[in-house]
Every structure is written in structure tokens, then in C-alpha cells.
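Encoded as C-alpha cells, the structure appears first; notes follow it.
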Amino acid sequence: MVHHHLDSTTILDTASGNLDEAVAVVVAVHLATCPECRQAVRTAEAVGGDLLETIETAEMSTGALDSLLKKLDAPADPAPAATMKPRRSTGAAGDIPQPLHRYIGVDTLDDIPWQWVAPGVERHALPLSSSTGSSLYMLRIAAGKAVPEHGHGGVELTQVLSGSYTDDLGRFGPGDVADLDEEVEHRPRVDAGEPCICLVATEAPTRFKGLASRLLQPVIGI
Amino acid sequence: MGSALQVTETPDGKGPDDRNDDHPALIARVAADRDRQAFVALFSHFGPRVKAMMIKGGADHALADDIAQDTMMTVWRKAALFAADRGSASTWIFTIARNARIDRLRRQASQPYEDIDNVELASDTPTAEDEVLAGQRAGRVTDALAGLPEEQRLIIELSFVHGISQSDIAARLSLPLGTVKSRTRLAYAKLRTELRDVT
């Protein structure tokens, strides 16, 4: 059961296609197991549909239709309905949600090649197609680890995949997303019993205040 | 239901009055029969709209024309994937155009969005909210948008039509990001309430 959802500004940026790529991946992973947020995105997309319907039109070039009709004759890809078998995501711990799977070379969270960052903190960076100054990475943080507060700034999105942490906003377990506004202050601590594995997107390379960034600030030295 | 080739002028003589064409039916004909007449009707209606959207997103006319053609090509290829009970034709085509805008104008991967589409196809059955949205024909959402204060409506337009992110809107309007976000949240809450009210 998802308790912490995407902020409505993120929902709108998702529907309008204005997310940073790293954020888009985390959003896709959250949506993979959150029907409520998927509905919110669909409703927001309907706004886009209406705005498309009522936009002042721009005439297509004279050859456009003919050129397009010729392409329809070209040897077709196999019908999309036949070849698209969406992989159903169960979201269970140990599964890699489908939108994340293509960024990772392994099938389970246990097989991720973690790199030691600091005591109780491991990290695995994921490649992005464009270099925008944002980062996408996974974290595995030891049970019970508390993190002191640092400064604020930048956009940060944290999706919990396994385990949980608690801060002033509540408990964040598998399926929950921390979609943090810049002004929010909190002190995250991984709950006892098992490590917490998260997927994180950060936009600003400098200061942030979520679970992930606190851990990495002293390491990165920012 | 009019034939796809029937072209009547709007009262102001501005061109084909195809606002009442049954677009889901046209898409279904493309999906089932590879019906070119149906495709031409969809092209006539949506091509110029997608092109306008790309121009407002910063493309020049040639690039906008190209992206609009690509969008209609995707409509042809993926017609079988349109779910008429989950949203309107214009919403579906908007999402195709949006993904093209991400790929071609933002130069980013639209893959995460395609993954979301796949999740929906696999998981979701239409909700009551979906049925309201699918049933409306440029009416309900238009009314809801008209009910917003101008400062909120503008942000919605800049997001969807011009493809500008929250932080870029803040820069463009010389407003704090927090102010843009507050207005966006208010607009979204109002729109959602209006669109959920089925009575």
C-alpha cells in the first residue's frame, strides 16, 4: 500500500513531458506500482489533450500528406499489439520494476553491484542518455542508520524499493516516494531490521536535504 | 456519423469543420482495416494541431512539420493500442506528440514515458474518472480551464502547450519557484475536482 505519493507539480510535469530524465525514471518506477498516481497522470494528460484540441492550428506543408502516405506503404514493423507484451511489475521486494530494469543489468536487487561509499552506505550509479547535471542512482543504507541534517536546495526524488526509513514526514516503505520541496526539513533514519534500498534522482549538484544527499555530501564534499 | 471525406466549412470559412468527427471510430478503422481515408481525416485534424504545438515548443516550421508527420506515423502504427475507454483521441495523440517533443526538442529519452504506457496497458482497467474523461469532447476540460484564474491558466498552458518545466516557467515569469509551484498545485486541485464531478 502506497502512502507517500508524487507531488501534483510532478504529476503535471509528467503529463506535460517536462521532467528531467533522471526524475522521469524515478517517476516511472513509482507509477509502476501506484495506480492512484497513474490515474492522476491520466487526468492531467486529458488537460493536454484538450489544449491540443483547441490550439490555433499551423498548416501542414503541401507535400506532407503525400510523403506520409508513401511511408505507409513501406514494409511495416510487426503490428505493435502483437509484439508488445508489457512485463507486469509486481513491485515485490527483490523484483526490479520494469522502468528501472532497462537501466540495470540484473534481475534482482540482490545482484546489484554495490560500491562502498561510507560506513553503512553503498551506491550504484545509473547511466542517463543526456548530460544535464542531474544524477540517477541507487542506494543501499544499513538498518538503523541515522543521518544528520544538512543544507537545502535542488530537486530530489527518492523511491523506496525495499526496506524502509522514517523521518518527520512519516515512514517510507516499498512503493513510497519522497518528492521533496526545497523548504522541507526532516531527519531520515533507516528503520531497524533490514537495509533500505532506494532509487534516487537529484537535479542540483550541490546541496539537498533528503536521505540520499545527506549521506553523500561529506563524501562528495559539496 | 459523417463520412471521413465529408468536409464542411466552419461558419467563419476558416477551413474544414471536422470538430465533430468521431475520432475514436477513425482510429479504430485504421487499427482494424488500415483504412487510409480514416487516416487522412485524422491527419487533417491533428497534423496542424501537433505542428502548432511544436512551434510553440520552439521548433521552426520545417522541424515542426517533420515532428507532426512522425506523430501521425506513430498514430498509424499504434492505432491498435488506443484505449477509447481510457481517454479521448486528442489525449492519446497529445501523449504521442509529447513523447516526440521530448525526443526531438528536449533531446532526452522518452523511454520512461513509454514504460509508463506499458504499465498502464498491463495493469489498469478504466475507472469512473477515465470514463468521464473519455466521454468529454473538448468540453469539460475547456470549461475547467476557463474557470481558473489567469495566473494559474497561464502556467498550465506554458507547461502543456509550450513544454516548459516548472523551474523554467519561474525563470520566464521572474517568479520564485515556490510561487509557480503553489499556483500549479491550486490549478491542479481545481481541475481535478472539476473533472471528477460526474453529476
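Nearest 100 Å² is fine: what is the total accessible surface buried where chains A and B meet, probe 1.4 Å? Before the final figure, lay out each step's value.
Numbers: alone 12630 and 11930 Å², together 18040 Å².
About 6500 Å² of accessible surface is lost on pairing.
Seen against the Cα atoms of chain B and their longest principal axis, helix B:36-56 is set at about 20 degrees.
Here the label points at A:R102 and B:L186, each 7 Å from Cα along the C-beta direction, are separated by 3.9 nm in the simple model. Label-to-label distance for A:K70 and B:L175 is 4.7 nm, based on points extended 7 Å past Cα in the beta-carbon direction.
Give the Rg/Rh ratio for the range B:34-132, taking Rg as the radius of gyration of the Cα atoms and Rh as the Kirkwood radius, to two decimals.
On the way: Rg = 14.0 Å, Rh = 14.3 Å.
For the range B:34-132, the value is 0.98.
Given R0 = 22 Å, the distance between the Cβ atoms of B:R77 and B:E114 translates into a calculated FRET efficiency of 0.95. Between A:T166 and A:A125, the FRET efficiency estimated from the beta carbon spacing at R0 = 22 angstrom works out to 0.25.
With θ taken as phi - 60° and the Karplus curve 6.51 cos²θ - 1.76 cosθ + 1.60 applied, the whole-hertz 3J(HN,Hα) list for the range A:121-131 is 10, 10, 9, 9, 7, 10, x, 10, 7, 10, 9 Hz, x standing for glycine and proline. Shape descriptor for the range B:64-199: Rg over Rh equals 0.98 (Cα atoms; Rh from the Kirkwood inverse mean 1/r). Evaluating 6.51 cos²θ - 1.76 cosθ + 1.60 at θ = phi - 60° for every residue in the range B:69-81, the Karplus couplings come out as 4, 4, 4, 5, 4, 5, 4, 4, 5, 9, 3, 5, 8 Hz, glycine and proline recorded as x.
Solvent-accessible surface of protein heavy atoms, probed at 1.4 angstrom with all chains present, puts A:H124, A:H3 in the order A:H3, A:H124, largest first.
Placing pseudo-labels 7 Å out from each Cα toward the beta carbon at A:Q115 and B:A122 gives an inter-label distance of 2.9 nm.
The values are calculated or read from the model by the stated rules, or taken from the named source; none is laboratory data. Owing to the predicted nature of the structure, the values given are computational and were not obtained by experimental measurement. Glycine also receives a Cβ, built like all others from the backbone with ideal geometry; neighbour counts cover every protein chain displayed. The accessibility values were calculated without ligands, DNA or RNA, using every heavy atom of the protein model including side chains. Shrake-Rupley method; radii C 1.70, N 1.55, O 1.52, S 1.80 Å.
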